[in-house]
Amino acid sequence: MATLIHTLADHSDDINYCAFSSSCLATCSLDKTIRVYSLNNFTELPYSPLKGHTYAVHCCCFSPSGHILASCSTDGTTMIWDTRDGRMLAVLEQPSGSPVRVCRFSPESTYLVSGAADGSVVLWNVQSLKLYRSGNVKDGSLVACAFSPNGNFFVTGSSCGDLTVWDDKMLCLCNEKAHDLGVTCCDISSQPVSGGEHGFRYFQMASGGQDNEIKLWLILFADFLGVELKYKCTLNGHSAPVLACAFSYDGQMLVSGSVDKCVIIYETSTGNTLHTLSQHTRYVTTCAFAPDSPLLATGSMDKTVNIWQLDLKQPCAGNIVENASKVAVEDWSEDDVSAWLCAQDLADFVGLFKMNNIDGKELLNLTEESLINELKIESLGLRRKVLQKIEELRMKTISVPVTIPDEFLCPITRELMKDPVIAADGYSYEKEAIENWINSKRRSSPMTNLPLPSPMLIPNRTLKMAVSRWLETQQK
């Protein structure tokens, strides 16, 4: 379950990037500012917003300690900030003066990489804040970067579609054509996989592209054999260019955001879709997992950053759209249908269904003839699979109540409450959900974000009886 718990709407223009430290969330925007929020209650820190860039801020990142924040901009600079008081510590000018599109700290904070629109890559010494090494990708703008967990190498992605692996001396170790229409993002899992022949070390990497695809790679690293980039598989959940991707800190999940306005969370071991989130109203440009808490941030050209809480205890594979419990299938939007397709392992059809404007009502009316003649699905096996899933959905639509009164739904899980309790904020929640919320050291109300004066929970027997009576009427 992924629950939307807060929305930040302080920026006045498109959100370009967001990044977590263990205690803060930083966001940056076309509005030239960086904003920094506390994870305790998502309030903005006193020194925020940070102002200094003269043009759009494209990227921001925390040092591993969280004490330093870097931001880079169209103005050709990368700025270094002290996160304790918001002081600007340095302005690092890209030697070429080209717009800087991406910046990253190495895991041990020795280096900071900045990559620019002219393809230049600069490795800065973090301690001296001086240029250490520089280089250039062979073609295109540099738009993505990620360090290996051990800091021995980093990967850059370019608009021409190449992934390039560099060592910490700025030597190019290998180059791979990854996405024909251009790379847009990349990330390396912080959890390396050891083993294999000859003492190889495996690092899992994801890259997103203008081709609507996410590709998973294995980077094989051995001291005496060098580095090799091996293709693993492709994830096809999005129907438009992928703009952002990020691994969770345990490496078990991968999240992506796209021009199709959707956020998709995958299980990395299987490639299965765990969640599809479609609350943003414009392109999703950035997404990031928090390092020490089950939080996910997603940012968009709709000028908002959504904060999601992930329930890691519940098995989520096979979940359909988050609001399916309270929206009739015939009222599903095209995005809801896309989410359902992904959950049914039919993600390859998302683009086709969107192209034909298939919403909930159209979905329930699909027949074998329409799959052949209108959607042009020629494979008999694929048609039967789609029709079987639609028939299952029709049966559920007939036998299961499709509209649950909103007051019976837990505000946290958006599921029918079985054991409702009243919290100190006056709202009713499913007991287990609010207990998990409070036990995760959150002392704010899920509904108001104001401090909870007490962790005390009172059984709401009246509501429980009302839910029981409603269920009885549905069974008649």
Study note, to complete from the structure: Restricted to region 434-476 and to residues being open to solvent by 50 Å² or more (accessible area, probe 1.4 Å) and hydrophobic (A, V, I, L, M, F, W, C), the residue modelled with the highest pLDDT is I458
Review point. Which pairs do you get when a residue that is at pLDDT 85 or above, found in region 398-423, comes within reach of a residue that is among the aromatic types (F, W, Y) and surrounded by fewer than 20 Cβ atoms within 10 Å (Cβ to Cβ), reach meaning Cβ atoms under 8 angstrom, with the pair 6+ apart or on two chains?
Key: F408/W470; L416/F408; M417/F408
Practice item. Output the residues belonging to region 33-55 that are touching a Pro at 6+ places or on another chain (Cβ under 9 Å) and modelled with pLDDT of 95 or more. Key: T33, I34, R35, V36, Y55
Practice item. Check S159, S141 and return the single one that is more than 17 Å from C245 (Cα to Cα), modelled with pLDDT of 90 or more, open to solvent by 10 Å² or more (accessible area, probe 1.4 Å) and under 27 Å from the mean Cα position of the chain (by Cα). Key: S141
Study note, to complete from the structure: Among (1) at pLDDT below 95; (2) open to solvent by less than 50 Å² (accessible area, probe 1.4 Å); (3) among the acidic types (D, E), D82 falls short only on (1)
**Study point:** Search result, residues across region 8-32 that are out of contact with any Pro (no Cβ under 6 Å at 6 or more places or on another chain), open to solvent by 60 Å² or more (accessible area, probe 1.4 Å), over 18 Å from C72 (Cβ atoms) and of a type outside the set (D, E, K, R)
**Key:** A9, S12, S23
Study note, to complete from the structure: Among (1) among the hydrophobic types (A, V, I, L, M, F, W, C); (2) modelled with pLDDT under 90; (3) open to solvent by less than 10 Å² (accessible area, probe 1.4 Å), L225 falls short only on (3)
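The values are calculated or read from the model by the stated rules, or taken from the named source; none is laboratory data. This structure is a prediction, so every number in the text was calculated from the model and none was measured. No Cβ is skipped: glycine too gets one built from the backbone with ideal geometry, and neighbour counts run over all protein chains shown. Note: accessible area is taken over every heavy atom of the protein model, side chains too, but ligands, DNA and RNA are not part of it. Shrake-Rupley method; radii C 1.70, N 1.55, O 1.52, S 1.80 Å.
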